[in-house]
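This report concerns only the one structure given below.
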Amino acid sequence: MAEKIIEVKNLHKQFGENVILKDLSISVEKGEVVVLIGPSGCGKSTLLRCLNGLEPIQGGSVMLHGEPVLYGKKSLTKIRQRIGMVFQSYDLFPHMTVAQNIALAPLKVQKRDKKEVEEETLKLLERVGLSGKADAYPNELSGGQKQRAAIVRSLIIHPDIILLDEITAALDPEMVHEVLKVVLDLAKSGTTMMIVTHEMAFAKAVADRILFLDGGEIVEEGKPDEFFDAPKTERAKQFLKTFTYSD
Amino acid sequence: MDLAFISQHYPLYVKAAVLTVVIGGIGIVLSAVVGLICALSRYYKIPVLRTITVIYTELSRNTPLIVQLFFLYFGLPKAGIVLSSEACGIIGLTFLGGSYMSESILSGFQSIKKGQIESAESLGLSKAQIMRYVVFPRAAAAAMPAVSANIIFLLKETSVFSAVALADLMYVAKDLIGMYSSTTESLFMLVVAYLIIILPISLLCSVLERRLRRGGA
Ligand SMILES: Nc1ncnc2c1ncn2[C@@H]1O[C@H](COP(=O)(O)OP(=O)(O)OP(=O)(O)O)[C@@H](O)[C@H]1O
Ligand SMILES: [Mg+2]
């Protein structure tokens, strides 16, 4: 049996009267890259936010490595050290240099050794093509560079899984590639990830499994080749059509 | 203008200026402390404390300092609490300044976007760590212009201290005018004394503002 990193059972999420996720069950195994796609507003971001306890849930359960993710509980800070999250808007801390942004959690939360953190910071920055940017402030970086720094900030805590929410959506087109390349590289090296994206070619290339979310449920699930070339459900076909025209 | 008069009486102003700076300084530091506590209780919506803060803020902002001082100096003794003039000055200034500081600091906290806090939460930082490393440094920079304005405002407000028999600058000026009808000289020294106190502080505040904004926050 493969090791389950994330296990969501019968998740129910609503904002007021507005039901977003209904009785949703998914799991992600170690080393797996799952791409979550679906129409705008279907609840993809909300689902990711439920996974690391940024949103309260109204029913069901979210487990990380068998431990419950409980919104608002003290245990969350421990759980979150095992879940990396990268947002569309990078959200680097503007008053800290790139290196300080990256080192904050390992030093203050994980209480790791300063020297070791410094070394790993430089190594990771090099890996994403940002050597020499350690001492730059975020406002001195391009969008693509900021997003790569944000990826490093989540990598350095050595999470069991990284959640990526449309990390290229705010970027100029010429910067999308440099960021996607980093994610593809992570996928190749076995990083467990759950990715929300509107880049279909990227989804196809990076995913081990596609989840298609619509109307609050997983409407279709499958290997990328099957999903993109021969979708089984009408809703998935409709959804993919909107993309083939724009390609 | 009678220069001899000025050179004879300016030591009185120096003494009064020192008093203004000391009492004003203590009052301002305490205002900042009270303001920070109030701002934190409102930012984190701490029950009870937050309600107290709101009531206090209304009371403080909607009554003049001179009324607050009268209450402390003439009102409290009726209830058996007798405070020195200095204590009245410090408490009065703190009571007034705390609410102004609280508003400025709170709006600094609120200027930090939700995304910043969520990304810090996602990294596993505790509430206290988020305040210390993410919110406070930038909130301080954002609040600094308003805080400096409060500091200058409070220093100027010390001019009503004479109402509770504190020998502050205003008190000395009034005294000299009454005694010698030396209006021109007395007022001249009064203005100069305030300028000497407030200008350097004003400059210091703008330097601090620039310092805090380093890193393009
Ligand atoms: N804090 C909130 N309060 C109320 N409603 C919300 C909140 N956040 C999201 N919603 C609603 O929940 C629904 C799902 O939003 P969500 O952001 O998860 O969609 P999404 O699939 O990520 O969309 P997109 O592709 O545009 O990013 C939307 O209808 C949105 O209006
Ligand atoms: Mg979204």
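The values are calculated or read from the model by the stated rules, or taken from the named source; none is laboratory data. The shown structure was predicted, so the numbers you read here are calculated from the model rather than taken from an experiment. Using ideal geometry, Cβ is built from the backbone for each residue, glycine included, and neighbour counts are taken over all protein chains shown. Note: areas computed on protein heavy atoms with side chains; ligands, DNA, RNA excluded. Shrake-Rupley method; radii C 1.70, N 1.55, O 1.52, S 1.80 Å.
Points to keep in mind about this one:
- 1.4 Å probe, heavy atoms, protein only - residues of the range A:98-131 losing at least 10 Å² accessible area vs chain alone: A:104, A:105, A:108, A:109
- Amide H within-cut-off set for residue A:29, under 5 Å, with H built and near neighbours excluded: A:5
- Nonpolar atom fraction for the range B:3-216, defined as the carbon and sulfur part of the 1.4 Å probe accessible area, stands at 70 percent.
- Which of B:193, B:68, A:187, positive extreme of dipole for the protein assembly as shown (C-beta unit charges): B:68
- With DNA, RNA and ligands ignored, accessible area of residue B:183 (1.4 Å probe; Å², nearest 10): 60 Å²
- Per-residue shielding of A:45-56, expressed as the average number of other chain Cβ atoms within 10 Å of the residue Cβ, stands at 1.
- 3J(HN,Hα) along the range A:206-216: 9, 7, 8, 8, 10, 10, 9, 9, 7, x, x Hz, from the Karplus curve 6.51 cos²θ - 1.76 cosθ + 1.60 with θ = phi - 60°, whole Hz, x for Gly and Pro.
- Axis of helix A:143-155 versus longest Cα principal axis of chain A: the two differ by about 90°, to the nearest ten degrees.
- Here the convex hull built on the C-alpha positions of the range A:4-241 has a volume of 127 cubic angstrom per residue.
- If you look at the Cα atoms of the range A:189-247, you get an Rg and a Dmax of 11.4, 35 Å.
- Every Cα-Cα pair of chain B was included, and the share exceeding 33 Å stands at 28 percent.
- Centre separation in Å (Cα based) which lies between the range A:69-118 and the range B:113-145: 12 Å
- Distance from the alpha carbon centroid of the range B:22-65 to that of the range B:72-107 works out to 11 angstrom.
- Here the simple spin-label model places points 7 Å from the Cα toward Cβ, and for residue A:71 and residue A:126 these points are separated by 4.4 nm.
- Percent of Cα pairs in the range B:1-94 per distance bin of 10 Å, from zero to the largest separation: 14, 31, 30, 16, 6, 3, 0.
- Under-5 Å amide H pairs with residue A:220, H placed in peptide plane, nonlocal only: A:212
- Amide H contacts of residue A:83 (H built 1.01 Å from N, under 5 Å, at least 5 apart or other chain): A:160
- Extension gain, residue B:5-residue B:48: 0.36 nm per intervening residue step, less the Cα-Cα distance, totals 9.8 nm.
- Note: relative contact order over chain B, using C-alpha pairs below 8 Å and six or more positions apart, is 30 percent.
- Measuring between alpha carbons in the structure, the pairs from A:181/B:114; A:44/A:237; A:30/A:115 lying more than 22 angstrom apart are A:181/B:114; A:30/A:115.
- Each Cα pair under 8 Å and six or more residues apart adds its separation to the average, and for the range A:40-176 the resulting relative contact order is 31 percent.
- Once the Kirkwood radius over Cα pairs is known for the range A:61-123, the Stokes-Einstein relation at 37 °C and 0.692 mPa s delivers a diffusion coefficient of 242 µm²/s.
- As a calculated quantity, the FRET efficiency between residue A:27 and residue A:184 at R0 = 25 Å, using C-beta atoms, amounts to about 0.60.
- The residues of the protein assembly as shown have, on average, 48 Å² of accessible surface per residue, using a 1.4 Å probe with all protein chains present.
- Trypsin sites (Lys or Arg not before Pro) restricted to DSSP loop in the range B:144-217 with at most 14 other C-beta within 10 Å: B:214
- Kyte-Doolittle mean at least -1.0 and Cα axial length at least 27 Å: DSSP H helices in chain B: B:3-43, B:85-110, B:136-157, B:183-212
- Interface size A-B, as summed buried accessible area [1.4 Å probe, Å², nearest 100]: 1900 Å²
- Calculated FRET efficiency, residue B:15 to residue B:127, Cβ-Cβ distance, R0 = 56 Å: about 0.70 to the nearest 0.05.
- In order through the range A:48-61: 3J(HN,Hα) via Karplus (6.51 cos²θ - 1.76 cosθ + 1.60), integer Hz, x for Gly, Pro: 4, 5, 5, 5, 10, x, 7, 10, x, 10, 9, x, x, 8
- Calculated over the protein assembly as shown: convex hull of Cα atoms, volume per residue (Å³): 203 Å³
- Percent RCO, i.e. relative contact order, over the range B:30-159, from Cα pairs under 8 Å lying at least 6 residues apart: 33 percent
- Separation of alpha-carbon centers, the range A:137-155 and the range B:184-209, rounded to whole Å: 45 Å
- Checking the cross-link pairs B:15/B:174; A:111/B:127; A:74/A:108; A:111/A:146; A:4/A:204 against a 19 Å limit on the alpha carbon distance flags A:111/A:146; A:4/A:204 as lying beyond it.
- Residues of the range A:74-97 buried by at least 50 Å² on assembly (accessible area, 1.4 Å probe, chain alone as reference): A:80, A:91, A:93, A:94, A:95
- Separation of the residue A:221 and residue A:7 label points, Cα + 7 Å toward Cβ, nm: 1.3 nm
- Residue-averaged 222 nm ellipticity for the protein assembly as shown, from DSSP H runs of 4+ at -39500 (n - 2.57), nearest 500: -17500 deg cm²/dmol
- Net charge in the neighbourhood of residue A:207 (other residues with Cβ under 12 Å of its Cβ; Lys, Arg +1, Asp, Glu -1) is -3.
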